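S.K.: Starting off with a structure, shown below.
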Amino acid sequence: MAVVILISLIIGITYIFMKMWPQWAPKHFYMARTFNQERIPVGEIIRLTTEMTNKKMLPLPWIKLRTHLPNSFHLILDKGEGSVGASYEEDTFTMHPFKEHEIVTSLLFYEKVSKYENFRCTVRGYFELEASEVEFGDLFGLYTGIATYKTAPSLYVHPRIHPVDRLLVSPNGQLGSHSIKRWILPDPILAVGTRDYTHNDSFRSISWQATAKVGKLQVKNMDFSADQKCMIFLDVQSSPRHWEDIDHHLIEQSIEVTASIFDFFYKQKFEVGLAINSADKKGENSFYLSPANTPKHVVKALDALALATEFRGISIVEMFSKSPKSDLIDTLLILITANLSDDLCLELSKIARFNTNIKVISPIKRDKPEILNRNVDFIVFEGFSDDTDQMISLYKREA
């Protein structure tokens, strides 16, 4: 009889314990998730650290953590990447941009476990991890407890930056003259010394006198006579009606061109600014940064390009009209746009009255609009290449 009572007592206690498991298991369980960096360039590897702590006497036999990660985060295992890399378009523009990711572990009483996972980020953007759902299973697998933990680490993935001498462009006259493939490169005015030759340098820039003295190839190090100030405008509108026919690939390409040109002028010690008319992922409908040349300035610009979306916030014409006059006068003005509307052409022509140093870069092939002021240089971007035969200046033309 005593044995029966003991067995019944054990069964009763076990039943009560299992029934209370969903309420007891999540208590005094803590979780934190962090990235090892706040910002990385696209294509680089980020480490995600997940810390789980059980601060109670009750052990947790198994824990399953479920969260949603962007499709562009490719898990890297010891033997290589854990998921097959999708194409650029598949990574960026899928209808289901997130995938479920799981971590399974267990914790004894008063134990802390840290999990480290490496991911390769293949797409530009701003990513904030969603809340994680944790499932707690009992020893017999009969009952589970579920709790949600709002740990949301964020990450800026900056756009890819290409060497500016690999931006292949074609000047396009308004009368339809023949296009000649050239490059966006500075116009050399003053030689200020020599440096070692690199594979990106033209043979025409080699200083044979300095080469003979040093014993290895030297090229002329050029300075510029242009004003050291530049303002870059990025228009994300890719069609006459900004809500229709959005060309995602075209916009991503324009963002990479913008980042490359911004990086180039910053390294050339220019004061460089950036304006974007995109509705970003934090709810802003535009971004404006006046010209400057500081490391923090570059971070702000690249963060804005990471946040940019394909949705227009305000029109680029409105952005020009709201820009401080001081940022438009005596400034190298560069506009990257796929939608050169009549209103925009008229606005640029108006600016050209007091600024003759304006470059318009189009990521689609088209002729220069007839109503666009003839002093505005119109350039068609045709992709990236390794050819360095010709050069085109982004700087002020000499009289």
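The values are calculated or read from the model by the stated rules, or taken from the named source; none is laboratory data. These numbers were taken from a predicted model, which means no experiment stands behind them. Every residue, glycine among them, receives a Cβ derived from its backbone with ideal geometry; neighbour counts consider all protein chains shown. The protein model used for the area step is the full one, side chains on, heavy atoms only, and it has no ligands, DNA or RNA in it. Shrake-Rupley method; radii C 1.70, N 1.55, O 1.52, S 1.80 Å.
S.K.: Suppose accessible area is computed on protein heavy atoms with a 1.4 Å probe; arrange ILE314, ILE364 from highest to lowest.
M.R.: Details: ILE314 20, ILE364 65 Å².
Result, largest first: ILE364, ILE314.
S.K.: Amide H of GLY273: which non-local residues (sequence gap of 5 or more, or other chain) have their own amide H closer than 5 Å, using H built in the peptide plane?
M.R.: Answer set, sorted by chain and number: CYS230, MET231, ILE232, ALA292.
S.K.: Kindly rank 268-277, 44-53 from highest to lowest mean number of other beta carbons found within 10 Å of each residue.
M.R.: Per-residue mean Cβ counts within 10 Å order the peptides as 268-277, 44-53.
S.K.: Next question. Considering only Cα-Cα distances, which of the following residue pairs are longer than 22 Å: LYS115/LYS296; LYS220/LYS296; LYS220/LYS269; LYS296/LYS350; LYS267/LYS322; LYS229/LYS296?
M.R.: Flagged as over cut-off: LYS115/LYS296; LYS220/LYS296; LYS296/LYS350; LYS267/LYS322.
S.K.: Also, I was wondering about something else. Through the Karplus equation 6.51 cos²θ - 1.76 cosθ + 1.60, θ set to phi - 60°, convert the phi angles of the stretch 147-156 into ³J(HN,Hα) values in whole Hz; use x for Gly and Pro.
M.R.: Karplus-based 3J(HN,Hα) across the stretch 147-156 equals 9, 10, 10, 8, 9, 10, x, 10, 8, 9 Hz.
S.K.: Then there is this: For the stretch 246-399, what does the accessible surface come to per residue with a 1.4 Å probe? Please give it in Å².
M.R.: Values: 6740 Å² over 154 residues.
With the other protein chains kept in place, the stretch 246-399 gives 44 Å² per residue.
S.K.: Got a number for the accessible area of LYS281? Probe 1.4 Å, square angstrom, nearest 10.
M.R.: Counting only protein heavy atoms, the figure is 100 Å².
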